[in-house]
Amino acid sequence: MILSSAALAFGLGFKAIVPYAMLIGIGLHMIFLLCAAYSLGKYRASASKLNT
């Protein structure tokens with residue numbers, strides 16, 4: 001989640017310097033957000049196995 005926010009900050013901060021910085025930032029934001037959701041799902045699945 002922190003990397004996701006950092007990617008958006010990169011896009012906003014560097015849009016005047018790097019061409020397509022906002023597009024890159026949004027793309028990285030989505031990738032990091034999906035990875036965080038996947039990791040949370042795996043964690044919850046393993047935690048539920050331990051509790052049973």
key: Rounded percent of accessible protein surface that carbon and sulfur make up, the chain, 1.4 Å probe   = 75 percent
request  = For helix 21-51, report the angle its Cα long axis makes with the longest principal axis of the Cα atoms of the chain; keep it between 0 and 90° and round to the nearest 10°.
outcome  = 10 degrees
query = Measuring from label point to label point, each 7 Å out along Cα→Cβ, what is the S5 to L33 span in nm?
reply = 1.5 nm
remark   = With the 1.4 Å probe rolled over protein heavy atoms, the chain has an accessible area per residue in Å² of 82 Å²
query = What number, rounded to the nearest 500 deg cm²/dmol, is the helix-based mean residue ellipticity at 222 nm of the chain, given -39500 (n - 2.57) per DSSP H run of at least four residues and division by all its residues?
reply = -29000 deg cm²/dmol
task = Name the longest site-free stretch of the chain, where the excluded sites are chymotrypsin sites (Phe, Trp or Tyr not before Pro) in a DSSP loop with no more than 15 other beta-carbon atoms within 10 Å.
result = 21-52
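The values are calculated or read from the model by the stated rules, or taken from the named source; none is laboratory data. Worth saying up front: this structure is predicted, and the values here are computed from it rather than measured. Note that each Cβ is placed from the backbone with ideal geometry, even for glycine, and that neighbours are counted across all protein chains shown. For the accessible areas, the whole protein counts, side chains as well, though only heavy atoms, and no ligand, DNA or RNA atoms are used. Shrake-Rupley method; radii C 1.70, N 1.55, O 1.52, S 1.80 Å.
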